[in-house]
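Novice: Here it is, the structure, as structure tokens.
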Amino acid sequence: MTCLKSDDMKNPILNLWAVCLVGVYSCTAPVAKDYVIEGEIKGFGDGMMYVFAETIDGNTGDTAFVKNDRFTFRSSSDYPIQLWFSPAGNEACARRGTYGFFLLVENSSTPVRVNAEVEKRIENAVILNSPVQTELEKIKATGLIDRITSFQNLLRQIEDTVILKTKRNEFARLVDKSLDELFALDFARTSTAAVFTVYQYFSFLSIDRLEAVLQRFDPAIAPSVYWVKMQERIRRTRAMAIGKKAPDFRLQDVHGKEYTLADFAGKMVLFDFTASWCHWCKVEIPFIEQVYEAMKGKDFEIVSVYLDKKREDWVKDVKKSNHPWKCLSDVQSWNKGGMAYDYNVGGIPHLLIIGKDGKILCSGTRGVETLQKIKEMYR
């Protein structure tokens, strides 16, 4: 928990199946005009692969057709970018329970080679002739990514706040050690693979810490979607700093009644960013109920903001939960134009407290900390 900056962990869940099938994002022109990926997936037969990539504004997709286990995919990107190849309704893959492979690729005159087998799970594909993917594999070989992700999974399972605090301190030391290990690699300071590693596996860093990490890269490093997104996160977080005026929003409840920030003027507000599918959001509910009982009858509001993409999902959950506080829907989720984006919500559950003047007081509290902070700050 912090009441100095909004730096909650993010684990954005990409709705890759909902994207439009368009080309890969680009910004600046490299020497090579495109890249080619040639692959063999033994046991696949004939069929199609969806090909997804993350962009500044969301995700883009394309398709690769497989014939007799083989495929060729051609596209372009102005800098190295990660692609996800996912089988489209392939029966052999469905039986094996294998769901796709990732690779970093850049424009090059040398085709990238992919060798995979359905029975050995295509997640274990061998990627050849991609220098940036080779650098990523060297980073993975250090074990730092596995250590970070394993410890994060452990933290998510701890509900005792005292134990959680101790483990978070231990995790902080692991993070420092892992980052030093990353930049000890001779290629790291100029590597998009290293930038991608920071973006993908260290997204929980506070913006001050993230800014310091980005300064460890060579100033001449080529921009990438990952670099741009981290800089954008820093900008949005600065805008949501303590004491800043909270951005306006326009959301509806289950009855279609619209609310804006002005509707809560003169009240302290606890915003609870949540979703019907979020287990840990449900774990947080008893603590929010304690806040409700303690602050009932005062100039205080609780507002749960659901980030479900489908109206029926959040409406069903609201009716089932029957919370005595307001429940609104942000169907834009983390996309631009949504409250979650403007409020720099990295992951859920995420709690944010604003004062009666509409200025940000605190964010990222969990458990009993929330009520404690509200009692301290309520005027």
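The values are calculated or read from the model by the stated rules, or taken from the named source; none is laboratory data. These figures come from a predicted structure and were not determined experimentally. Glycine gets a Cβ as well: all are built from the backbone with ideal geometry, and neighbour counts include every protein chain shown. Accessible surface areas use protein heavy atoms only, side chains included; no ligands, DNA or RNA. Shrake-Rupley method; radii C 1.70, N 1.55, O 1.52, S 1.80 Å.
Novice: For the chain, with all protein chains present and a 1.4 Å probe, just round the carbon and sulfur fraction of the accessible area to a whole percent.
Specialist: On the chain, the fraction of accessible area on carbon and sulfur atoms equals 50 percent.
Novice: Listed here are the pairs LYS245/LYS326; LYS177/LYS310; LYS326/LYS359; LYS167/LYS245; which of them are more than 30 Å apart at the Cα? Don't skip to the answer; put the middle values down first.
Specialist: On the way: LYS245/LYS326 21 Å; LYS177/LYS310 41 Å; LYS326/LYS359 20 Å; LYS167/LYS245 33 Å.
Check vs 30 Å cut-off fails for LYS177/LYS310; LYS167/LYS245.
Novice: Would you pull out the residues with amide H under 5 Å of THR365's amide H, same chain only if 5 or more places away, H placed 1.01 Å from N?
Specialist: It is THR2, LEU351, by chain and number.
Novice: Restricting the count to DSSP beta bridges whose residues both fall in the chain, what percent are antiparallel, rounded to a multiple of 5?
Specialist: Antiparallel bridges make up about 70 percent of those DSSP assigns within the chain.
Novice: Select from LYS320, LYS267, LYS336 the residue whose mean-square fluctuation is largest in a Gaussian network model of the chain (Cα-Cα springs shorter than 10 Å).
Specialist: Of the options given, LYS320 has the highest mean-square fluctuation.
Novice: Here's another thing I want to ask about it. Please state the charge dipole magnitude for the chain, taken about the Cα centre, from unit charges on C-beta atoms (+1 on K and R, -1 on D and E), reported in debye and rounded to the nearest 20. Spell out each step's value before the answer.
Specialist: On the way: 51 positive and 49 negative charges, 160 e Å.
About 760 debye.
Novice: Separate question: Using only protein heavy atoms and a 1.4 Å probe, report how much of TYR50 is accessible, in Å² to the nearest 10.
Specialist: That residue has around 60 Å² of solvent-accessible surface.
Novice: If you build the Cα gyration tensor of region 234-274 and take the root of 5 times each eigenvalue, what three semi-axes come out, in whole angstrom, biggest first? Show your work: numbers first, answer last.
Specialist: Details: eigenvalues 98, 33, 19 Å².
Ellipsoid half-lengths, sorted descending, are 22, 13, 10 Å.
Novice: Tell me, in nm to one decimal, what length is gained between ILE221 and TRP280 on full extension, where the rule is 0.36 nm per residue of separation less the Cα-Cα distance? Display every interim value, and only then the final one.
Specialist: On the way: separation 59, 0.36 × 59 = 21.24 nm, distance 3.81 nm.
Gain on extension, ILE221 to TRP280, equals 17.4 nm.
Novice: In Å², what does the accessible area per residue of the chain work out to with a 1.4 Å probe?
Specialist: On the way: 18310 Å² over 379 residues.
With the other protein chains kept in place, the chain gives 48 Å² per residue.
Novice: May I ask you to compute the full-extension gain from ASN129 to GLU159, defined as 0.36 nm times their residue separation minus their alpha-carbon distance, rounded to one decimal in nm? Don't skip to the answer; put the middle values down first.
Specialist: Values: separation 30, 0.36 × 30 = 10.80 nm, distance 4.52 nm.
Net length gain for the segment: 6.3 nm.
Novice: So what's the gap between the Cα centers of region 53-100 and region 187-204, to the nearest angstrom?
Specialist: 22
Novice: Loop sites only, by DSSP: take the GluC sites (Glu not before Pro) in the chain that have at most 14 other C-beta atoms within 10 Å and name the longest stretch containing none of them. Could the numbers behind the result be given before it?
Specialist: Values: sites that count: GLU119, GLU159.
That would be 160-379.
Novice: Cα convex hull of region 335-379: mean projected area in nm², to one decimal?
Specialist: Numbers: hull surface 14.2 nm².
If I average the Cα hull's projected area over directions, I get 3.6 nm².
Novice: Could you compute the FRET efficiency for SER109 and ALA88, with r as their C-beta to C-beta distance and R0 at 35 Å, rounded to 0.05? Provide the component values of the computation, followed by the final result.
Specialist: Details: r = 29 Å, r/R0 = 0.83.
Efficiency computed from Cβ-Cβ geometry: 0.75.
Novice: For region 168-228, what is the convex hull (Cα atoms) projected area averaged across all directions, in square nanometres? Before the final figure, lay out each step's value.
Specialist: Working: hull surface 15.9 nm².
Value for region 168-228: 4.0 nm².
Novice: Considering just Cα atoms, how many Å³ per residue does the convex hull of region 36-189 enclose?
Specialist: Working: hull volume 22.9 nm³, N = 154.
Value for region 36-189: 149 Å³ per residue.
Novice: With n ≥ 4 as the cut-off for DSSP H runs, can you work out [θ] at 222 nm for the chain, using -39500 (n - 2.57) per run divided by the number of residues, rounded to the nearest 500?
Specialist: Details: 11 runs with 127 residues, N = 379.
That calculation yields -10500 deg cm²/dmol at 222 nm.
Novice: Still on this structure: Label 7 Å along Cα→Cβ of ASN335; region 242-272 residues with amide nitrogen under 19 Å?
Specialist: The answer is 249-253.
Novice: Pick from ILE37, ILE163, ILE56 the residue whose mean-square fluctuation is largest in a GNM of the chain, springs joining Cα atoms under 10 Å.
Specialist: ILE163
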